[in-house]
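Let me begin by presenting the structure, written as structure tokens, before commenting on it.
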Amino acid sequence: MASIFIFRRAASGLVSSGFLVDLAGLGLKDAWGNYGVRESEIEETRSRLAAKGMSLVPCELSLAAKIVHGGVAWARKWGFRLPSEHKIWLRL
């Protein structure tokens with residue numbers, strides 16, 4: 001499983017999106033996001049993950065895009081249902 005988090009600056013403030021990709025079977029399983037994110041929310045996410053023994057690891061946007069778009073392609077190829085809002089958050 002890969003959890004991909006994207007944080008971008010926009011006219012409305014920070015925008016975040018997240019993607020859960022099953023690398024071994026189902027492809028893209030979940031997609032979510034939020035507009036007007038505060039910097040403190042990013043730190044809260046980092047803290048919650050650390051409490052579970054996980055951490056945010058920076059990666060190139062191109063790698064994150066390959067993982068997410070690959071998950072979409074895999075789900076489509078094998079007929080797995082994609083998250084209803086995935087197209088909205090893919091635009092990030």
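Some points to look at:
- Put simply, of 70, 79 the only residue that is over 14 Å from residue 6 (Cβ atoms) and either surrounded by 13 or more Cβ atoms within 10 Å (Cβ to Cβ) or among the acidic types (Asp, Glu) (or both) is 70.
- Checking each residue in the stretch 40-90 for being among the basic types (Lys, Arg), over 17 Å from residue 21 (Cα atoms) and outside any helix (DSSP H, G or I) picks out only 52.
- For the stretch 15-53, filtering for residues that are of a type in the set (A, V, I, L, M) and in contact with a helix residue (DSSP H, G or I) (Cβ under 6 Å, 6 or more places away or on another chain) leaves 3.
- Scan of the stretch 19-46 for residues that are among the hydrophobic types (A, V, I, L, M, F, W, C) and either under 19 Å from residue 90 (Cβ atoms) or at pLDDT 90 or above (or both), ordered by number: 19, 20, 21, 23, 24, 26, 28, 31, 32, 37
- Where a residue in the stretch 1-22 is assigned to a loop (DSSP other than H, G, I, E, B) and its partner, wherever it lies, is surrounded by 15 or more Cβ atoms within 10 Å (Cβ to Cβ), with Cβ under 6 Å and at least six apart: 1/22
- In the stretch 23-38, of all residues being outside any strand (DSSP E or B) and in contact (Cβ under 8 Å) with a residue 24 or more places away in the chain, the one that is farthest from residue 65 (Cα to Cα) corresponds to 38.
The values are calculated or read from the model by the stated rules, or taken from the named source; none is laboratory data. This one's a predicted model, so the numbers in the text were calculated from it and none came from an experiment. Cβ: placed from backbone, ideal geometry, glycine included. Neighbour counts: every protein chain shown.
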